[in-house]
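The values are calculated or read from the model by the stated rules, or taken from the named source; none is laboratory data. None of the values given here were measured: they were computed from a predicted structure. Cβ: placed from backbone, ideal geometry, glycine included. Neighbour counts: every protein chain shown. Please note that ligands, DNA and RNA were not included when accessible areas were found on the heavy atoms of the full protein model with its side chains. Shrake-Rupley method; radii C 1.70, N 1.55, O 1.52, S 1.80 Å.
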Amino acid sequence: MWIMRPREGMVCLALSTSLLAVAGCREPAPENSMTEAVEEFTSRVNDYVALRNRLADSVGPLSENMTQEQIAARATALSQAILLARPDARQGDIFTPRAASVFGALIEQEYSRRPPRVREVREDAQDELPDFVPKVNQLYPTTYPLATFPPELLPLLPRLPEEVEYRVVNHYLLLRDVESNLIVDFMPRAVPVPKA
């Protein structure tokens, strides 16, 4: 069961206001439909986090006294436990079509406010991973640094629990498990593709 904390309530209220402003960007949808899509997304994220936290407890606690090798071994054990618990996980399990439609409109709105030159360059495109095609339950590539998430975009999207984060790579919006480094879900064609 999901319990809304006071700060999340404020974020949801702000998000509802953002959603109303989005209506002109894509197909207009009733406010309650947009709110329901965000609530569905949030519920699915919280279900995932509850599962991964139970699995994290089963692999043992994370301690300040652990060495880097022990931390890496625990992360590997957690990712293996998640893979075993979610063998049938598919793209769209969390970024459902309804949620993807709302997210797409929010992202489109934010990118449309950028100056044309900034839109063409799109520094958040993650040039280090030009041919990257994500898969659910795939480890995020560790050979490259994590790109900074667009700061203007983050406040428009639903706030996430600390165990997961958003990532933008090329035109994909990813949901990544921070500790296990697994791609939990992703949304294709979420952000504009930069011009060559």
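Tabulated data
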quantity: Peptides ranked, highest mean first, by Cβ atoms within 10 Å: ranges 80-91, 157-168; calculated: 157-168, 80-91
quantity: Mean accessible surface per residue for the range 72-115, computed with a 1.4 Å probe while every protein chain stays in place, in Å²; calculated: 44
quantity: Per residue accessible area in Å² of the range 146-196, where ligands, DNA and RNA are left out and the probe is 1.4 Å; calculated: 42
quantity: Within the accessible area of the range 140-196 (1.4 Å probe), percent carbon and sulfur; calculated: 57
quantity: Highest to lowest packing among 174-185, 58-69, 38-49, scored as the average C-beta count within 10 Å; calculated: 174-185, 38-49, 58-69
